Amino acid sequence: MAIRIAPSVLSADFAHLGRDIEMINRSEADWFHVDVMDGVFVPNISFGMPVIKALKQHATKPLDVHLMIVQPERYISEFAQAGADVLTVHYEASTHLHRTVQQIKKEGMMAGVALNPHTPVNLLGDILTELDLVLVMSVNPGFGGQQFIEQTYRKIESLREMIIRQGAHCLIEVDGGVGPGNTKALYQAGAQVLVAGNAVFSAPDPAAAIAALKVLS
Ligand code: DX5
Ligand code: ZN
């Protein structure tokens, strides 16, 4: 299966959000990546429910919502109602992760867990078979346009081994500093979904940049 590309709405032009949503709808992108930041878990504040509801009304592809917020369990049903299709919480932000994952699935969403760059993948060993997706952060979360952390390749490879060993079925998604220079190596390491913000929205032709990211040879 071809790699999935999830353009990050965080890098869109919020004054022309409708235009950028239509660009993603018409492009070869697979998902919309939607970064929610609370100013506590990460040193930045992005957007919340009203923006996600507006996105949902116009997006023709699934919303992949990445929560960079503390105690994400407080808002699971609200994100389901707002239109999230995939809901990813951070391992570092959720004390009762197993319960949180079950709540996400009960609300009919795909359940994802994100790992900060310093968090080892083996900490997911006792929950991996419950997950639909693992989001490997390849930058420290909080901002678009940061430099890719090279150690990520090793993490993806270990995660892929764990998934095979356990017979788990979760997708591996990578987020941060993804661009034309590393998509092929990420795919070879085992990544199945790539988030791209800056590489898409700073390109002169964002739809062409999305199409280029899908070409892996
Ligand atoms: C970072 C966010 C990313 C970000 C990626 O905290 O989770 O999704 O938008 O942006 P780029 O691709 O520019 O690194
Ligand atoms: Zn993200």
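In table form, for the structure just shown:
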{"item": "Cα lying deepest toward the dipole's positive end in the chain, options I149, V139, L194, charges on Cβ", "result": "L194"}
{"item": "Alpha-carbon radius of gyration plus Dmax, which is the widest Cα pair, for the stretch 4-216 in Å", "result": "15.8, 47"}
{"item": "For the stretch 4-216: relative contact order, % (alpha-carbon pairs under 8 angstrom, 6 or more apart)", "result": "21 percent"}
{"item": "Where T152, T129 fall by accessible area, highest first, once all protein chains stay in place (1.4 Å)", "result": "T129, T152"}
{"item": "Local electrostatic count, V215, Cβ distance below 13 Å [Lys/Arg +1, Asp/Glu -1]", "result": "+1"}
{"item": "Placed amide H near R4: partners under 5 Å, 5+ positions off or other chain", "result": "V193, L194"}
{"item": "Pairwise label distance in nanometres, Q188 with S77, each label 7 Å out on the Cα-Cβ vector", "result": "4.9 nm"}
{"item": "Accessible carbon and sulfur surface of the stretch 4-216 relative to its total accessible area, %, 1.4 Å", "result": "50 percent"}
{"item": "Distance in nm between pseudo-label sites at H58 and E150 (7 Å out along the Cβ direction from Cα)", "result": "4.1 nm"}
{"item": "Backbone HN-Hα couplings from phi across the stretch 110-116 [Karplus 6.51/-1.76/1.60, Hz, Gly and Pro as x]", "result": "6, 9, x, 10, 9, 10, 5"}
{"item": "Long-range HN-HN contacts of A114 with modeled amide H, under 5 Å", "result": "V89, H90, Y91, L135"}
{"item": "Dipole of the chain, positive direction: furthest Cα of A208, A2, I76, with charges on the beta-carbon", "result": "A2"}
{"item": "Dipole magnitude of the stretch 4-216 about its Cα centre (Cβ charges: Lys, Arg +1; Asp, Glu -1), debye to nearest 20", "result": "220 debye"}
{"item": "Radius 13 Å from Cβ of A111, net charge of other residues (Lys, Arg +1; Asp, Glu -1)", "result": "-4"}
{"item": "Extension gain, R99 back to V215 (0.36 nm per residue minus Cα-Cα distance, nm)", "result": "37.9 nm"}
{"item": "Neighbourhood charge, 13 Å Cβ-Cβ cut-off, centred on L128 and excluding it, Lys, Arg +1 and Asp, Glu -1", "result": "-2"}
{"item": "Accessible area (Å², per residue) of the chain, counting only protein heavy atoms and a probe of 1.4 Å", "result": "45 Å²"}
{"item": "Of the DSSP H helices in the chain, those whose Cα atoms cover at least 20 Å axially and whose Kyte score averages -1.0 or more", "result": "152-166"}
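The values are calculated or read from the model by the stated rules, or taken from the named source; none is laboratory data. Please read all numbers here as calculations on a predicted model, not as lab measurements. Here the Cβ is made from the backbone with ideal geometry for all residues, glycine too, and neighbour counts use every protein chain on show. We work out accessible area using only protein heavy atoms, side chains counted, and drop any ligands, DNA or RNA first. Shrake-Rupley method; radii C 1.70, N 1.55, O 1.52, S 1.80 Å.
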